[in-house]
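Here is the structure we will look at.
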Ligand SMILES: CC(C)(COP(=O)(O)OP(=O)(O)OC[C@H]1O[C@@H](n2cnc3c(N)ncnc32)[C@H](O)[C@@H]1OP(=O)(O)O)[C@@H](O)C(=O)NCCC(=O)NCCS
């Protein structure tokens, strides 16, 4: 049976290991990375399948509100429900331990898989930023009450 586990990222090394395929954080300064993994303003989690990192999510949190900054599932692990599982468990933890009651995010209108995933989790569209990405695609703003 596949063993899937969600884990809080607590060090720069863990964050960079989770980000190995995407390399979103590659050009960030050490001081900025330190802030991401250790300040109260950010929460980072990864999902393991068996012993491998399958993906990660970084959120910002202010009072009772969280925002998804970045979500990435490594290519060979996609469309197997791991994104759903990761966010579901992270939202439960943030709700129970950090009193987070609402989550916001922005996604490009052409990112069909991400939009499907967010709608499966119960997110509702609350706004649009026209031509936000590359002056071409609209950004859809989503909100979820926990
Ligand atoms: C978006 C992303 C995180 C999704 O992760 P994932 O683990 O593949 O997501 P899940 O498997 O939990 O859910 C994906 C859903 O999209 C559906 N889907 C797959 N292909 C689709 C398509 N072409 N059109 C619409 N829906 C599609 C899947 O069937 C699934 O829905 P279901 O469970 O109702 O069947 C992943 O594709 C990724 O990392 N993409 C690159 C980074 C990115 O876009 N991040 C989000 C930025 S906001």
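What follows draws every value from the coordinates through simple rules; no lab data is involved. All of these numbers come straight from a predicted model, not from anything done at the bench. Note that each Cβ is placed from the backbone with ideal geometry, even for glycine, and that neighbours are counted across all protein chains shown.
Under a crude label model (7 Å from the Cα following the beta-carbon direction), how far is residue 1 from residue 137 in nanometres?
The two pseudo-label positions are separated by 3.7 nm.
Modelling each spin label as a point 7 Å along the Cα-to-Cβ direction, I'd like the residue 67/residue 102 distance in nm, to one decimal.
Reported label-point gap for residue 67 and residue 102 is 1.3 nm.
Averaging sequence separations of C-alpha pairs under 8 Å and six or more residues apart, then dividing by the length of segment 4-105, give the relative contact order as a whole percent. Working shown, then result.
Working: 157 pairs, mean separation 25.2, N = 102.
Worked out over segment 4-105, it gives 25 percent.
Quick one: if you take sqrt(5λ) for each eigenvalue of the C-alpha gyration tensor of the chain, what semi-axes come out, biggest first, whole angstrom?
For the chain, the ellipsoid semi-axes come out as 22, 18, 18 Å.
Could you calculate the contour length gain from residue 120 to residue 10, that is, 0.36 nm times the residue separation minus the distance between their Cα atoms, to one decimal place in nm?
36.8 nm
Out of all DSSP beta bridges in the chain, what portion is antiparallel? Express it as a percent rounded to 5.
Counting only bridges with both partners in the chain, antiparallel ones make up about 90 percent.
Could you identify which residue out of 37, 62, 103 has the top mean-square fluctuation in a GNM of the chain using Cα springs shorter than 10 Å?
So, out of 37, 62, 103, the one fluctuating most is 62.
What is the spread of the Cα atoms of segment 61-146 along each of their three principal axes, largest first, in whole Å?
Between the extreme Cα coordinates on each principal axis of segment 61-146 lie 39, 32, 18 Å.
Given 0.36 nm per residue, what is the gain on full extension from residue 60 to residue 129 after removing their alpha carbon distance, in nm?
Additional length available on full extension: 22.8 nm.
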